[in-house]
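What follows is calculated from the coordinates using simple rules that are stated; it is not laboratory data. None of these values were measured; they are calculated from a predicted model. Neighbour counts run over all protein chains shown; Cβ positions are idealised from the backbone, glycine included.
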Amino acid sequence: MSEQIDTALGWASGRFEACSESPRLDAELLLAHCLEKPRSFLYTWPQQALSEDCWRQFQDLVKRRLQPTPVAYLLGTREFFSLEYATTPAALVPRPETELLVELALEQIPGDAPLRICDLGTGTGVIAITLKKQRPLAIVCATDVDSGCLALARENAARHQAEVDFIESDWYQKLPAGARFDLIVSNPPYVAAEHPFLAQGDLPAEPALALTPGSSGLEALEVIISRAPDFLNPGGILILEHGYDQQAPVARLLQEQGFDQIRCEFDHNDLPRTSIGHLSQPR
Ligand SMILES: C[S@@+](CC[C@H](N)C(=O)[O-])C[C@H]1O[C@@H](n2cnc3c(N)ncnc32)[C@H](O)[C@@H]1O
């Protein structure tokens, strides 16, 4: 007898307990993908039998999920700020926490001014593209040192018809001479190289370049903050995502570079994850 939707889901979620914080959701997303149906279909027709092909395809995805491969890489997409983005192992899977950084940025960008914005370390492009979609008058550029990320970010920008200038660059290095921005945003790599967290969950499947900048975890934040005064306009703003235990060093680095009105926002887990500073006098 062939497998039914409900039994297939029960089987897969049981296996995912070991590798996922959301075993049932992962199973539903993968099965809906195999069936080419929305997730609601699984609830409407729990006893529908799966075709041989569909069951085989599902078993294969379950096996790959257990390696572990992130669901976003298996599906090839991930939603961010209500838009769907192409995701591949070239780039970090966009995280819901990063929506906090985007919300903070949007609070700083009036809808009626052509502000200049730069997103450093753009990955899939989600931050830059969301800001451009939400504030069409803004002039947005984004950098990444990895050409695979930039190809993906360009694909995502085209998918969402967002005009963003993507530049292959080691942080600020290849920005056009004299470039100045009203807002710089970044979700850089910030996990210390030997941190046990890197071995947990799906992280081993994601690019190390996106996760860790070096032994302290602060290396990328230090470069981004220390050079920001050379690239901000007077009154410019820097917004950074960082680790939950990096609030104090980030505030210190911002202070050392002359930023004021420094504050840190907490994420949905009540952890201090996104810092913001204003710069009245750039260099
Ligand atoms: C944590 S990921 C963030 C990706 C994306 N902005 C997001 O929020 O989903 C950090 C990104 O920084 C990029 N990166 C790492 N080192 C870099 C460097 N020296 N210059 C520019 N980008 C870099 C990585 O390739 C990666 O895409």
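Below are the figures for this structure:
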item: Acute angle (nearest 10 degrees) that the helix 247-256 long axis makes with the longest principal axis of the chain, alpha-carbon atoms; result: 20
item: Spin-label pair A205/D260, simplified geometry with 7 Å Cα→Cβ offset, distance in nm; result: 4.8
item: Directionally averaged projected area (convex hull, Cα atoms, region 5-67), nm²; result: 3.7
item: The chain, helix-only ellipticity at 222 nm - DSSP H runs n ≥ 4, -39,500 (n - 2.57), divided by all residues, nearest 500; result: -10500 deg cm²/dmol
item: Cross-link reach list, aspartates and glutamates versus K37, counting only Cα pairs under 20 Å and skipping chain neighbours closer than eight places; result: E3, D6, D26, E28, E52, D53, D60, E79, E84
item: Cβ charges +1 (Lys, Arg) and -1 (Asp, Glu), total dipole of region 7-139, debye; result: 220
item: Using alpha-carbon coordinates, inclination of helix 52-65 to the longest axis of the chain, degrees; result: 40
item: Size-normalised alpha-carbon gyration radius of the chain, reference 2.2 N^0.38 Å; result: 1.10
item: Degrees separating the helix 5-16 axis from the principal Cα axis of the chain, which is the longest one; result: 50
item: The chain - percent relative contact order, Cα under 8 Å, separation 6 or more; result: 13
item: Sum of side-chain charges, V126 neighbourhood, beta-carbon under 14 Å (Lys, Arg +1; Asp, Glu -1); result: -3
